[in-house]
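Novice: Let me begin by handing over the structure; questions about it come next.
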Amino acid sequence: MILCFYQLSRMMIPEKAKKIECDVLVVGAGPAGSSAAFFSELLDEDDKHEVCLIERLDNQKYLNYHEMCGEGVSADLFRDISPIKPSCIIEKIRKVREYWPGDIEIKTTMNGYIIDRPLFLKGIVDQYIKLGGKYIQNSFVDFIEKEGEIKVKLSDGEFVKTKYLIAADGANSLIRKKLGIKGRVKPFIQYVVDKEPEHDTLIFEYDEKWKGDYKWEFPHGETTKVGFPFLKHSDSEEIEGTILAKQTRMVGFGGVENNVHGNILMVGDAACHSNPLTKGGIRPGMVSGKMAAEAIINDNPLEYDKKWKKSDFASPLFLKAFNMLKEMDNHELARHIRPFRKGFNVFSTIKSLLFYRKYLEVYKAYYLSNRVGW
Ligand SMILES: Cc1cc2nc3c(=O)[nH]c(=O)nc-3n(C[C@H](O)[C@H](O)[C@H](O)COP(=O)(O)OP(=O)(O)OC[C@H]3O[C@@H](n4cnc5c(N)ncnc54)[C@H](O)[C@@H]3O)c2cc1C
């Protein structure tokens, strides 16, 4: 039994409070929660489960929140979350350009998209509702778990009784905090700039000042989204062009020890599922949401924890590599990437294995992030 911050007595349901009952309650309609809710309905072929999705933000606030993102995904995402198809596409991505210290420029290819993320997510939530799912606009406040049942308190005093609770409430997850689990979170800042973007290309710039991360420039229609880790120095000096909007949000990365606690399943940034190297979190969030739904359909929540930990998304190599990069100065950043300055091919791989073994774990993480990083 897990007792939260609220004492049992404070959780007594007031006589007049409206009671909602369901089998699966998903908190948060971001990439992870919308996927969890959609697949919980879709895979429930015998219609055994009542699914309920709650989201604290209403229309415009919801759009604003989910717009705070580079909105870049790989085409592989849609293989993982089939039958959800690519939609709301702003731009097709074909190229990646990386700038490293020492004037090293690396050009590679990528099959991906910039999506209109808020509309894409809304589309999934609409499909979920069409399948019979319930959507409630409200905030999760607290919960108590007792004898196989979870009682959730919402901000307006309503209560929801559920068997399973899926925590998809983002990097600052209240559910994760109430479970007493610490998460690895980091703030990022992004500017929408009135500057013609380099279409079909994702640009990354590495430097010691980004402490293992990078500065990005992603195309977004006629504008460019420029972002980097939120540091104390005067960040807007990094921006060329007129700033149209400034956006700041946390990213949860590097995982948690256990994704499942009794009948509570944490997914997406609530479980710190963003990739430690790329900080891409849409795909891991949507994949973990789907895995959690599958495990619940099988009435075996721990199946989700096992499957996630076995997947490449959860490889400990990513965090190891990030921690190594964080410690590198510009000289070392240039040195470690030198074998790949003419691209990633057989020769550069052999060279890196022969002369740069010190960075082997970083190289392995790069290889893996090409498959599951976005
Ligand atoms: C600046 C920036 C740029 C990024 N760019 C990219 C990118 O290009 N590609 C990529 O793959 N990833 C990117 N990411 C990472 C990505 O945005 C996150 O990893 C992703 O949003 C995680 O999805 P999520 O569903 O777990 O959480 P979130 O997207 O944070 O969604 C959580 C939802 O839960 C709701 N919620 C929170 N608390 C409550 C509550 N108490 N009750 C009810 N509802 C609640 C929120 O309102 C929200 O709708 C970026 C992140 C940042 C900060």
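The values are calculated or read from the model by the stated rules, or taken from the named source; none is laboratory data. If you're wondering where the values come from, they're calculated on a predicted model, not measured in any experiment. Cβ coordinates were reconstructed from backbone atoms using ideal geometry, including for glycine residues, and neighbour counts include every protein chain displayed.
Novice: I want to confirm something. Restricting to region 23-81 and keeping residues that are in a strand (DSSP E or B) and over 22 Å from VAL141 (Cβ atoms), which single residue is farthest from the ligand (Cβ to nearest atom)?
Specialist: By that ranking, first place goes to SER74.
Novice: In region 266-279, which residues are within 9 Å of the ligand (Cβ to nearest atom) and closer than 17 Å to SER34 by Cβ?
Specialist: VAL267, GLY268, ASP269, ALA270, ALA271, HIS273, SER274
Novice: What tally of residues in region 256-265 results from selecting those that are touching a helix residue (DSSP H, G or I) at 6+ places or on another chain (Cβ under 6 Å) and either at positive phi or within 13 Å of the ligand (Cβ to nearest atom) (or both)?
Specialist: The qualifying residues number 3.
Novice: Could you list, in sequence order, all residues of region 63-80 that are among the hydrophobic types (A, V, I, L, M, F, W, C) and either crowded, with 20+ Cβ neighbours inside 10 Å or under 14 Å from the mean Cα position of the chain (by Cα) (or both)?
Specialist: Those that are among the hydrophobic types (A, V, I, L, M, F, W, C) and either crowded, with 20+ Cβ neighbours inside 10 Å or under 14 Å from the mean Cα position of the chain (by Cα) (or both): MET68, CYS69, VAL73, LEU77.
Novice: Is it the case, given these coordinates, that GLU217 is more than 12 Å from the ligand (Cβ to nearest atom) and either crowded, with 18+ Cβ neighbours inside 10 Å or not aromatic (Phe, Trp, Tyr) (or both)?
Specialist: no
Novice: Sticking with this one: Restricting region 1-53 to residues that are hydrophobic (A, V, I, L, M, F, W, C), in contact with a Gly (Cβ under 8 Å, 6 or more places away or on another chain) and modelled with pLDDT under 95, which is surrounded by the fewest Cβ atoms within 10 Å (Cβ to Cβ)?
Specialist: ALA17
Novice: Restricting attention to region 220-255, and to residues there that are out of contact with any helix residue (DSSP H, G or I) (no Cβ under 9 Å at 6 or more places or on another chain) and closer than 26 Å to ALA32 by Cα, which single residue is nearest to the ligand (Cβ to nearest atom)?
Specialist: Top of the filtered list is GLY227.
Novice: Being away from the ligand (no atom under 13 Å from the Cβ), modelled with pLDDT under 95 and under 23 Å from VAL96 (Cβ atoms) is true for just one of LYS320, LYS358, LYS364, LYS326. Which residue is that?
Specialist: So the residue among LYS320, LYS358, LYS364, LYS326 that is away from the ligand (no atom under 13 Å from the Cβ), modelled with pLDDT under 95 and under 23 Å from VAL96 (Cβ atoms) is LYS364.
Novice: Residues that are within 28 Å of ILE115 (Cα to Cα) and in contact (Cβ under 8 Å) with a residue 12 or more places away in the chain: find the helices (runs of 4 or more DSSP H) completely inside region 266-374 holding 3 or more of those.
Specialist: Passing ranges, in order: 282-297, 301-310, 316-326, 360-372.
Novice: Look at ILE90 and say whether it is within 12 Å of the ligand (Cβ to nearest atom), within 21 Å of GLU198 (Cα to Cα) and at pLDDT 95 or above.
Specialist: yes
Novice: Specify the residue that is surrounded by the fewest Cβ atoms within 10 Å (Cβ to Cβ); the eligible residues are those in region 247-264 that are of a type in the set (A, V, I, L, M) and assigned to a strand (DSSP E or B).
Specialist: Looking at residues that are of a type in the set (A, V, I, L, M) and assigned to a strand (DSSP E or B), I get MET250.
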